[in-house]
1. Considering only residues that are in contact (Cβ under 8 Å) with a residue 12 or more places away in the chain, in a loop (DSSP other than H, G, I, E, B) and not charged (D, E, K, R), which ones fall in region 185-197?
2. Among the listed residues Cys30, Cys120, identify the single one that is part of a strand (DSSP E or B) and either in contact (Cβ under 8 Å) with a residue 24 or more places away in the chain or farther than 17 Å from Leu166 by Cα (or both).
3. Going residue by residue through region 153-161, is there one that turns out to be in a loop (DSSP other than H, G, I, E, B), at negative phi and loosely packed, with under 13 Cβ neighbours inside 10 Å?
4. Listed residues Ala96, Ala39, Ala57, Ala102; which is out of contact with any helix residue (DSSP H, G or I) (no Cβ under 6 Å at 6 or more places or on another chain) and crowded, with 16+ Cβ neighbours inside 10 Å?
5. So which residues in region 83-111 are assigned to a loop (DSSP other than H, G, I, E, B) and under 22 Å from Gly5 (Cβ atoms), if there are any at all?
6. Condition (residue is touching a Ser or Thr at 6+ places or on another chain (Cβ under 9 Å), of a type in the set (D, E, K, R), surrounded by fewer than 16 Cβ atoms within 10 Å (Cβ to Cβ) and modelled with pLDDT under 95) applied to region 105-116: is it met by at least one residue?
Amino acid sequence: MNPAGSALSSEFFNDDAQRVARRLLGKVLCHRLDGQWLAAQVVEAEAYYRREKASHASLGYTEKRKALFMAPGTIYMYYARGGDSFNVSCRGAGNAVLFKAAIPYLGASGTDAMLDRMRCLNTLPSGRPRALKRLCAGQTLLCRALGLRVPEWDGRGFCTERLLLLDLGYRPRRVIRTARLGIPPGRDGHLPYRYIDYDHAASSTKNPLNRGKPLPPAVEILTQRPRRAPR
């Protein structure tokens with residue numbers, strides 16, 4: 001991977017989990033699988049804190065959950081509904097951010113071959129290829145499309161040879177903040193810790209926008225000045 005950008009260090013995650021989740025939007029997650037780079041741009045992320053009931057860390061320290069209590073930038077992977085899920089620890093023991101959804105990154109060299117591989121890794125149950133905008137539209141779909149597996153990456157950190165998080169200068173014009181998905185009743189599911197790139201909401205796990213209809217009460221639109229990498 002040689003796009004015009006910089007690889008982020010673990011210091012990126014040494015911050016409040018919500019700030020990390022929002023800043024994660026637009027970053028490109030790159031994984032080298034069998035000698036081939038696969039890449040996806042993050043469009044959705046969720047923050048988790050040890051103090052709230054939705055967090056795995058709220059259940060206490062165990063050997064399986066130890067990555068959540070390690071230094072910021074430590075990868076925590078687990079199985080969600082039978083699929084792999086990719087998280088990274090943030091500032092404060094037990095706090096983390098979940099890489100919830102992404103879109104294939106189309107600015108990489110060898111894009112066609114990369115997309116073919118990602119589609120082969122993450123076909124529909126029928127065996128047919130998924131639409132590009134839905135290829136990484138969920139935490140387990142993202143991991144499947146990039147070939148990220150729990151046994152290989154849980155408890156590890158990013159490394160320049162195999163796994164990178166790149167900042168290519170892109171910043172969303174607008175960000176959606178809303179409640180997280182899949183939180184059981186009574187486990188703080190109302191907290192607005194889910195962040196989505198407004199322009200790519202259709203590629204999020206579940207689009208919170210109803211086109212032509214008023215925003216639901218739990219959905220907030222945040223604005224910021226966009227910034228792109230210089231040409």
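The values are calculated or read from the model by the stated rules, or taken from the named source; none is laboratory data. No experiment lies behind these values; they were computed from the predicted model shown. Here the Cβ positions follow ideal geometry from the backbone for every residue, glycine too, while neighbour counts run over all protein chains shown.
1. As a first pass, look at region 185-197 and keep what is in contact (Cβ under 8 Å) with a residue 12 or more places away in the chain: 186-197.
Those left that are additionally in a loop (DSSP other than H, G, I, E, B): 186-193.
Within region 185-197, Gly186, Gly189, His190, Leu191, Pro192, Tyr193 meet the criteria.
2. Numbers: Cys120 fails: part of a strand (DSSP E or B).
Answer to the selection: Cys30.
3. As a first pass, look at region 153-161 and keep what is in a loop (DSSP other than H, G, I, E, B): 154-158, 160-161.
Imposing the further condition that a residue be at negative phi reduces the set to 154, 156-158, 160-161.
Of the ones still in play, those that are also loosely packed, with under 13 Cβ neighbours inside 10 Å are 160-161.
Within region 153-161, one or more residues are in a loop (DSSP other than H, G, I, E, B), at negative phi and loosely packed, with under 13 Cβ neighbours inside 10 Å.
4. Numbers: Ala96 fails: out of contact with any helix residue (DSSP H, G or I) (no Cβ under 6 Å at 6 or more places or on another chain); Ala57 fails: out of contact with any helix residue (DSSP H, G or I) (no Cβ under 6 Å at 6 or more places or on another chain); Ala102 fails: out of contact with any helix residue (DSSP H, G or I) (no Cβ under 6 Å at 6 or more places or on another chain).
Just one listed residue meets the conditions, Ala39.
5. Within region 83-111, the subset assigned to a loop (DSSP other than H, G, I, E, B) is 90-95, 105-110.
Correct list: Cys90, Tyr105, Leu106, Gly107, Ala108, Ser109, Gly110.
6. no
Per-residue answers, yes or no, for (1) among the hydroxyl-bearing types (Ser, Thr, Tyr); (2) farther than 18 Å from Ser203 by Cβ; (3) at pLDDT below 95; (4) touching a Gly at 6+ places or on another chain (Cβ under 7 Å):
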{"position": "Met118", "(1), (2), (3), (4)": "no, no, no, no"}
{"position": "Asn122", "(1), (2), (3), (4)": "no, no, no, no"}
{"position": "Pro125", "(1), (2), (3), (4)": "no, yes, yes, no"}
{"position": "Leu164", "(1), (2), (3), (4)": "no, yes, no, no"}
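Residue-by-condition table, conditions (1) surrounded by 18 or more Cβ atoms within 10 Å (Cβ to Cβ); (2) more than 24 Å from Met77 (Cβ to Cβ); (3) in contact with a strand residue (DSSP E or B) (Cβ under 8 Å, 6 or more places away or on another chain):
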site	(1), (2), (3)
Gly169	no, yes, no
Arg177	yes, yes, yes
Arg180	yes, no, yes
Asp188	yes, no, no
Tyr193	yes, no, yes
Ile196	yes, no, yes
Ser204	yes, no, yes
